[in-house]
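The values are calculated or read from the model by the stated rules, or taken from the named source; none is laboratory data. This is a predicted model, so every value here is computed, not measured. Because the Cβ atoms are built from the backbone with ideal geometry, glycine has one as well, and the counts that use them run over all protein chains shown.
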Amino acid sequence: MLNSCCDVVNIASGKVRTLYLELVGTTSQQSKVVVCRQEDTAFISFNFWLGSIMHISKQKVPTMQNFDFYNPTHIIFGQQRLNELDKLIPCDAKVMVLYGGGSVKRNGALNQVLEGLGSRKVVEFSGIEPNPQFTTLMRAVDKVQSEDIDFLLAVGGGSVMDGTKFIALASKIEENHESLLFRGFVSPTQHSALPLGCVATLPATGSEMNMSSVVTYQDQKYPVMSPLTYPKFSFLDPTFTQTLPQEQIANGIADAFVHVVEQYITYPVNAKVQDRIAEGVLQTLIEEGPTTYANNDDIEARENFMWSATMALNGVIGSGVPQDWATHMIGHELTAMYGIAHGRTLAIVLPYLLRERKKQKRAKLLQFAERVWQITEGSDDEKIDQAIDRTEAFFNSLDIVTKLSHYNIDNDGIKTVVQNMEKMGLTALSETRDLGLDTVSRILRSAR
Ligand code: NZQ
Ligand code: ZN
């Protein structure tokens, strides 16, 4: 019955109409919620049981959801602009400059930042590691509090920016800082955070223009979201990315690509602007990603890649549309357990998740095939299969291996991943919350 056509009587008009059925969720074992698209593209939904129609009700077409769009981050894009720091941070601010393991010393970003800060009092905090650890961040919080810091400046990749956001929140509370980690996607109730700015050196996470962070605590990754942690400003200078090892460029391309997909390949809600921007970002990543990967000196490609990564997760394309994030939830577990870089985990999971969820995501997968990969030949099924294969081949072309066996993860390893997800309460994933742990297990086994 699924994804097939059938004739039903339209109760309102009495006319027989051909409907295209697409399963979007299950309410119980017997009753399935189905979205039906009529030939004339109007939508109704009804329940059916054992193939027979039990009830037809006219319901609202899935359309764009209500949304608030709020993004106060000032972007300063382009080369050699760090002297403009002076007008962005109060003159009398005592600033903590936070960075990671030293890449920002090698690419000159730190020096330019220190010069840009002029005569302000500056305290440095280094050593924020990839997948920032709660314990490291808490050392920074102690320092912020004892030094009476009033502005945080993150210089680095997603880990440094995320870590700084957490520090901004945690510095304003006196105890029980762990509690910030256990709220899922719900913001903490506190009313203030230290102001922060970013100098982004790795295009990937979009952290430079969003309110999210991800913190590792006792070998698990926890999202922390708060509108208080939107950076006041972020500098995006593509020349700082020239010192990135090739593999980090590849990770960043994969991460940004999957950010778009998680917000775009769900089910249609007629969000034309969001869809077309998402498609533009994906096409830009497909065009400019490999050039950036292959050529360190192509600054124009890097500019486009950098802005794509920011646009992929700054709230624009996700406004008013259903969002998935299952690939990320599974990927985070692979990073936490096996230390695989974030972008690489996503490139492993995504192609197999899309194959597994072909029915649920059918309409958007077809749109992805036709508009992003420009596939015009073949049946709808063939177009969808090709689009998923080309996505996987795209990751492979960046030397990203999309197989778990490459990391020696066997079926026992997969079982542990699934058990950990259960412990974390990650049991109902996807845009329709009907992707359970059995499906996670199937996806990972097919990615073996
Ligand atoms: O520590 P340093 O020396 O700076 O080296 C870093 C690090 O080893 C290096 N690097 C960064 N910029 C460089 C550079 N090396 C040379 N030249 C440069 N210009 O790259 C390594 C990886 O850095 P990291 O910041 O960990 O990478 P990425 O930006 O991919 O961030 C990954 C983190 O972001 C989280 C991930 O879970 C992970 O913890 N995410 C954050 C999101 C958000 N805030 O919205 C969403 C993402 O989906 C993601 O979950
Ligand atoms: Zn990501």
Checklist entry - Do we find that Phe257 is touching a Lys or Arg at 6+ places or on another chain (Cβ under 7 Å) and either small (Gly, Ala, Ser) or over 19 Å from Phe166 (Cα atoms) (or both) in this structure? => result no
Checklist entry - With respect to Glu208, is the statement that it is modelled with pLDDT of 95 or more, within 9 Å of ligand 1 (Cβ to nearest atom) and crowded, with 23+ Cβ neighbours inside 10 Å true? => result yes
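Here is a yes/no grid of residues against (1) without any contact (Cβ under 8 Å) to a residue 60 or more places away in the chain; (2) not hydroxyl-bearing (Ser, Thr, Tyr):
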residue	(1), (2)
Thr189	yes, no
Leu196	yes, yes
Asn210	no, yes
Tyr222	yes, no
Tyr230	no, no
Checklist entry - Among the residues of the range 312-325, is there at least one that is in a helix (DSSP H, G or I), surrounded by 19 or more Cβ atoms within 10 Å (Cβ to Cβ), small (Gly, Ala, Ser) and touching a Gly at 6+ places or on another chain (Cβ under 6 Å)? => result yes
Item to check | Residue under evaluation Asn131, criteria (1) of a type in the set (S, T, N, Q); (2) in a loop (DSSP other than H, G, I, E, B); (3) surrounded by fewer than 16 Cβ atoms within 10 Å (Cβ to Cβ), criterion not met | outcome: (3)
Checklist outcome for this item: Every listed condition ((1) polar (S, T, N, Q); (2) away from ligand 2 (no atom under 16 Å from the Cβ); (3) within 28 Å of Ile249 (Cα to Cα)) holds for Ser379 save (3)
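Every residue, every condition in (1) without any contact (Cβ under 8 Å) to a residue 40 or more places away in the chain; (2) touching a Lys or Arg at 6+ places or on another chain (Cβ under 8 Å); (3) in the same structural domain as Leu285 (by TED's automatic domain parsing), yes or no:
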| residue | (1), (2), (3) |
| --- | --- |
| His332 | no, yes, yes |
| Ile340 | no, no, yes |
| Glu392 | no, no, yes |
| Ala428 | yes, no, yes |
Checklist outcome for this item: Scanning the range 183-226 for residues that are of a type outside the set (S, T, N, Q), away from ligand 2 (no atom under 16 Å from the Cβ) and closer than 17 Å to Gly331 by Cα gives Gly184, Tyr217, Asp219
Next on the checklist: Residues that are hydroxyl-bearing (Ser, Thr, Tyr) and either touching a Phe, Trp or Tyr at 6+ places or on another chain (Cβ under 7 Å) or in a loop (DSSP other than H, G, I, E, B) (or both): does the range 138-148 have at least one?
Outcome noted: no
Checklist outcome for this item: Picked from the range 160-182 (must be of a type in the set (A, V, I, L, M) and within 16 Å of ligand 2 (Cβ to nearest atom)), the residue surrounded by the most Cβ atoms within 10 Å (Cβ to Cβ) is Met161
Checklist entry - Are any of the residues in the range 231-253 under 26 Å from Gln323 (Cα atoms), of a type in the set (Val, Ile, Thr) and within 16 Å of ligand 2 (Cβ to nearest atom)? => result yes
Next on the checklist: Restricting to the range 253-282, give me the number of residues that are within 11 Å of ligand 1 (Cβ to nearest atom) and either among the basic types (Lys, Arg) or under 11 Å from the mean Cα position of the chain (by Cα) (or both).
Outcome noted: 6
Item to check | Those residues of the range 427-448 which are acidic (Asp, Glu) and surrounded by 14 or more Cβ atoms within 10 Å (Cβ to Cβ), in sequence order | outcome: Glu431, Asp434
Item to check | Selected residue (criterion: nearest to Asn408 (Cα to Cα)) from residues of the range 335-377 that are hydrophobic (A, V, I, L, M, F, W, C), within 11 Å of ligand 1 (Cβ to nearest atom) and in a helix (DSSP H, G or I) | outcome: Ala336
